[in-house]
1. Two decimals is fine: what's Rg over Rh for region 801-877, C-alpha atoms, Kirkwood radius as Rh?
2. What is the distance, in nm, between label points placed 7 Å from the Cα along the Cα-to-Cβ direction at Tyr111 and at Glu783?
3. Hey, with R₀ at 60 Å, roughly what FRET efficiency would Ile487 and Arg672 work out to, going by the Cβ-Cβ distance, to 0.05?
4. Taking every pair of Cα atoms in region 227-321, average 1/r, invert it to obtain the Kirkwood radius, and report Rg/Rh to two decimals.
5. When the chain is fully extended, how far beyond the present Cα-Cα distance does Thr343 get from His64, taking 0.36 nm per residue of separation?
6. Which one, Leu819, Met869, Pro786, is farthest towards the positive end of the dipole of region 778-877 when Lys and Arg carry +1 and Asp and Glu -1 on their Cβ?
7. Is the shape of region 78-173 rounded, prolate or oblate, going by the alpha carbon gyration tensor and its root eigenvalues a ≥ b ≥ c, with a/c under 1.5 for rounded and a/b larger than b/c for prolate?
8. Work out from phi, with θ = phi - 60° and the Karplus expression 6.51 cos²θ - 1.76 cosθ + 1.60, the ³J(HN,Hα) of each residue of region 228-244, listed in order in whole Hz, and give x for Gly and Pro.
Amino acid sequence: MKNSELDGPRRTLYGLLHFDLKYCTSDAKCLKSLGLLVILHTISLFHSAHGLDLGNCISPLGMHSYEIPDKAITASSSYDKASVGPENARIRHEKKGGAWCPRRQIEENIYEYLQIDLGKLKVITKVETQGRFGNGQGKEFVTQYVLEYQREDDGSWFRFRSRNNSEERFKGNINVYLAEVRDVDPPIIAKRIRFIPYSESPRTVCMRVEMYGCNWNDSLVSYSMPQGNKRGVEVDFYDYTYDGGRENDYLSNGLGQLTDGALGETNFRLDPKKTGIKGYEWVGWKDDTLSKIPISIIFKFDSVRNFSQVDIHTNNHFTRDVRVFRSAEIFYSIGGKYYLPHTTKINYERDDTIEDARFVPLRLQNKIGRYVKIDLYFQARWIMISEVSFNSTEAVGNFSEEEPPPTTPQPPTTTTMKKNAHFDSFDRINSNSQSEKLDGDGDTETLSAQEEDEEGAKTKLEEGASNNSNDAPTLEQEKKEYDDEYISIIIGALAALIFLLLCVILIFFCRHKHRKNNNNRRGHKPVTTSHVAINLNDLRASTNGKLSNGNMYNSIATEEADSDHDGVGCCNGSSRGSEKFAWSEPRDYAVPDITKSALVVNLPPRVATAPKQLALMDKPPNYDALYAAADIVNVHGGSVTNMQGVSGNNVYAVPNAELLCSIDYTVMELRREDLRFVEVLGEGQFGEVHLCEALHGDDLLVDEFMLNRNLPRAPLLVAVKMLRPNADDRARADFHKEIKIMSQLKDLNIVRVLGVCTREEPLCMVVEYMKYGDLNQFLLDHEAEPPVAQASSSKTLSYGCLIYIASQIASGMKYLESLNMVHRDLATRNCLVGHHFLIKISDFGMSRSLYSSDYYRIEGRAVLPIRWMAWESILLGKFTTKSDVWSFAVTLWEILTFAREQPFLALTDEEVIENAGHCYRDDNLQTVLSMPGNCPKEIYDLMCECWNRQESVRPTFREIHMFLQRKNMGYNPAEEKLAQITVPIC
């Protein structure tokens, strides 16, 4: 992207005038072109500059006007809080005692402060203090004070320092009634500020205060970068006012001259502010290494933001070897550790005509992030910057920190810091060696100018073809050292990659050999004594949707493409090629065997290859599980536990259940009288689910993952899972296990356990419930927003709202995926809708009679949401996070169709199972859900990827969440009209 694209017609005219000036044929024409060019460039100096305007940043910030509330004013102590507490420290107000007075007398080593919370980031350019007049009775005032400020919540406090980096003590008052205003230079950017009285001798003090400034619209809280370099003996391009950390010539987590609103002059040898430091407004870096390493600056903001433009004020004094950067690369990140590979790269055309300093606007194309890293590449020996300003708005949506890529490369931030550390150390050695060449007794000004001319001549030689300067061997040697360093790194990485490839080949060879040796291996333990074979083609004749033995899954004679182990299936003697086989010991699968007489689903072989086996548990459990023989594949190893619900069904599969149960985690005990019954949501074999109102709901909102504290305080709706008193010991143990595990799930988009009632019967678990009920009914109560605005009384939802809802479901499932937990019943009926379309994933939709038709029932024992299930879950009883991905795509299809019909409505339950058989055989006869009417192609392509036959090819929830976020950038749920619907009574 050229810089001509940055300013449109203005840059085009700029280029034409350059051309005219270069090839003009007469003096008059040259003068005319030059005049127009100067005027245009003068305008460009102010065009699109959004820097801090100190001249207009002088408004009072709210102490006198009460815009700052009393609760935002605190103090370390008060002599008498009732009369001289901190809320009395308002300028020109005689409230109560008339001022704030600390409890102790102030002297050199006493630390007392008055703290003011400004609510959001402000720029403070002036402060004002006044003593305690007290209607003529007061005698106390401060003679000196210092300022401290804080920029981020729970962040560091900074002591204000003047421009020469010394601690600044402000002059206070001379009496109790005259107010004194002091300039704050450089200005303070802070969210909180402290006034700290100071006195060299003990004295009683009181004070009233006011601050003047403006809002900090950039929302920048810090930048980190290498410290500037020294030029000669007179000019130091350091960031003198930087208030963050300084270590090894690297600045981190602070603000300084790049945000102080002071622009540097083109002639950097001037000192317009009379600070005694030439070039004070500039921060500059020198490139003498020929290493092509950029200057990297990392900007951190107070929240995730949508960036449209950044303006960088830089110098182009090319006769002194200073130019605007050649190009800029911009990276974005949410967490600040890993940066997305999608960057913004902008090239700047070299300007050989005008030397003036200028704002260079870089358009950021509405990218999202909380951290922005800008790499600036050298066009000449020096880059100089005096101000950086961002134009952005706060981003709306759910954002999570980036996860490391699969190969876990070195984070960009760390790499850049290391490179710049080496780069800066070389600059300092070079600068010091140059300084030592100067004669201390001579004219410093003349020597410095002579040195700069030598540097200019050297640069021009380097830019040409000759490169024959006296310093060339040293520079070439430095470049060679850099090349050797990177070559050794590359060789090491290639060696490691070759070693990994050899390991993979060796493992593949061993497994292939193991598979051949075990092709006809027999086990020693028979599974059952009798079997019943059912062919998928026979399912068409079934009319009641039930299978004879109440167990849909058990041993299956089939091969799984991603299975590592061998085995054989069990078949009836009447089937062709059937044999009776025994089983080897279990390996990957934990499959509960419900009945002694196993049911076999005999599938026609897809290819003529050796069959695979599924391992079974020896002893059948005593309870009817939701999925009678569900394989929950734990990719991390270890045991798998199915969480038993009060309805007698299992929803979540928890691979690390024993570890979670071993954690000492206390759940709040609630009083039953604080729960007011509303209606019954559902019931099951071991209990019921009630909708209740919590009378003291605020007490349940204990952390940031709970409901929004800022919502209107209507009675808090909760769902109460009640275990029947006649439930046996096994059901009680499972109920306590569910409480233990579910209470440790902490995600904004997962329902949370709010408390329990376990001191008396019946045992209860109280979980979140949302204002607008489940997503299925919510969608049914709305319709798609028309393409053209028109008057209508119906409730509508925009396409952006639908994708926003889907992205929240993906976010919650991403959290479960990170824990390797499998939901197994993801659908709109198991999602709840709250204020501003907040979505939370739940698990009790199955117990509601309203959705009984969504489940396939097997003789009243197990119920299966087969229309949402992946083919391997239906046929093989295998459940993984990738089978949840399949269900998510069906849920997304429900959302985009407003849940107007069941998935595969045209198919019976038996035909849905047969359709899964087509997926297994990969015969291209399977039926897929059609594209919804308002669905873009890229969203439907995402669904089809989630329905891929090979589960390893399906995307992860992390990838799905990131994709949906990018497709819905800029959407604000607060702008959507949300109408409440009635929660249906079961």
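Every number in this text was worked out from the coordinates using simple rules, so none of it is lab data. This is a predicted model, so every value here is computed, not measured. Positions of Cβ are backbone-derived with ideal geometry, glycine not excepted, and every protein chain shown enters the neighbour counts.
1. The Rg/Rh ratio comes out at 1.00.
2. Each label point lies 7 Å from its Cα, and together they span 6.6 nm.
3. Values: r = 73 Å, r/R0 = 1.21.
Efficiency, from the Cβ-Cβ distance: 0.25.
4. Numbers: Rg = 14.6 Å, Rh = 15.1 Å.
Computed over Cα atoms, the ratio is 0.97.
5. Length gained, Thr343 through His64: 95.8 nm.
6. Among Leu819, Met869, Pro786, the one farthest towards the positive end of the dipole of region 778-877 is Leu819.
7. Judged from the Cα gyration tensor, region 78-173 comes out prolate (a/c at least 1.5, a/b above b/c).
8. Listing the rounded values in order: x, 10, 8, 10, x, 9, 10, 10, 10, 8, 9, 8, 5, 9, 5, 9, x Hz.
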